[in-house]
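Report on one structure; see the data block that follows.
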Amino acid sequence: MSTQPLANHKVSVQTFKQMKTQRAPIVALTAYDAAFARVLDEAGCDFILVGDSLGMVVQGLATTIPVTVEDIIYHTRLVARGCARALVMADMPFMSYFSADDCLRNAARLMKEGGAEMVKLEWGALQLDMVSRLTECGIPVCAHLGLTPQAIHKIGSYRVQGREHAMAEKMVADARALEAAGADMLLLECVPLALAACITASAGVPVIGIGAGPEVDGQILVLYDVLDIAPGKRTRFSKNYMEGAGSIHAAVARYVSEVRDRDFPTADYAFT
Ligand code: KIV
């Protein structure tokens, strides 16, 4: 069992590439403030995502859609203060990256005002162009595929994506196109484990899963699910690490060690 980070130096997208080559699992969680960011950083998380999930778990909203660029900047600034080693990734909120001007201006604000070191955007047809423009500007990008919560009103419910053959083939093609456009990382949410394994095997960049099974390059969960304080029903793919842990530090340390040792996620937390 290992809870130690693989390297003590500041994590960058180059670290993630090395970890993929060495088949060393990348460990990540979301956080929204400095105190939790420090706990995660000290426990050895490789990156911390200031997700727009903050709308639902911190602000009490029903969806992530109302979250603003200002909200993400504010929470990213707090998280960056608590991080010494982990890379800080910030989500681009709904409709903040649908024109090249908006995308570049808002990504720059997340970095300059919030201290983000990488931005994440959800996949859609326009995003290839946005990914290449961000890449040209030297901004590391993570592209989020599978279940994309910002499209909830189109999708209808938070459910597994890519079970149908045509959709699975499209996701494989989208992943390739995003990598070719310059994406430094792919994130797959709620995807059948065989599809996630196939995308991971053919991708040259790290693939992080949330509800995407064990055969990806790393795992992320929403911190408040791990601590069992998220409102509403727990998602099938998340695990309550507070059970039997005794403290938040112990719960986070167990998550880090289970991901590093590939003990999480088991089939119980994956979709077929
Ligand atoms: O907003 C978020 O927390 C996310 C994770 C679910 C990956 O995008």
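Residues in the stretch 205-228 that are in contact (Cβ under 8 Å) with a residue 60 or more places away in the chain, part of a loop (DSSP other than H, G, I, E, B) and not charged (D, E, K, R): VAL205, PRO206, GLY211, ALA212, VAL222.
With PRO231, PRO206 as the choices, which residue is open to solvent by less than 10 Å² (accessible area, probe 1.4 Å), within 16 Å of the ligand (Cβ to nearest atom) and under 25 Å from ALA37 (Cβ atoms)?
Working: PRO231 fails: open to solvent by less than 10 Å² (accessible area, probe 1.4 Å).
Result: PRO206 is the single residue among PRO231, PRO206 that is open to solvent by less than 10 Å² (accessible area, probe 1.4 Å), within 16 Å of the ligand (Cβ to nearest atom) and under 25 Å from ALA37 (Cβ atoms).
Somewhere in the stretch 46-60, is a residue within 16 Å of the ligand (Cβ to nearest atom), of a type in the set (Ser, Thr, Tyr) and more than 15 Å from the chain's Cα centre (by Cα)? Within the stretch 46-60 (the criterion being within 16 Å of the ligand (Cβ to nearest atom), of a type in the set (Ser, Thr, Tyr) and more than 15 Å from the chain's Cα centre (by Cα)), the answer is no, since none of the residues qualifies. (1) closer than 29 Å to ALA201 by Cβ; (2) assigned to a helix (DSSP H, G or I): which one isn't true of ALA28, the others all being true? It fails just one condition, (2).
When the stretch 64-121 is filtered for residues that are in contact with a strand residue (DSSP E or B) (Cβ under 8 Å, 6 or more places away or on another chain), open to solvent by 10 Å² or more (accessible area, probe 1.4 Å) and of a type in the set (Gly, Ala, Ser), the ones remaining, listed by number, are ALA80, GLY115.
Restricting attention to the stretch 213-228, the residues being farther than 17 Å from ASP46 by Cβ and either in contact with a Ser or Thr (Cβ under 7 Å, 6 or more places away or on another chain) or crowded, with 23+ Cβ neighbours inside 10 Å (or both) number 3. Of the residues making up the stretch 1-35, those that are modelled with pLDDT of 95 or more, buried (at least 17 other Cβ atoms within 10 Å of the Cβ), within 21 Å of PHE264 (Cα to Cα) and not β-branched (Val, Ile, Thr) number 8.
For the stretch 166-196, which positions are under 19 Å from VAL259 (Cβ atoms) and open to solvent by 20 Å² or more (accessible area, probe 1.4 Å)? GLU189, LEU193, listed by residue number. The set of residues in the stretch 229-259 being assigned to a loop (DSSP other than H, G, I, E, B), at pLDDT 95 or above, polar (S, T, N, Q) and closer than 29 Å to ALA183 by Cα consists of SER238 alone.
The values are calculated or read from the model by the stated rules, or taken from the named source; none is laboratory data. If you're wondering where the values come from, they're calculated on a predicted model, not measured in any experiment. Every residue, glycine among them, receives a Cβ derived from its backbone with ideal geometry; neighbour counts consider all protein chains shown. The accessibility values were calculated without ligands, DNA or RNA, using every heavy atom of the protein model including side chains. Shrake-Rupley method; radii C 1.70, N 1.55, O 1.52, S 1.80 Å.
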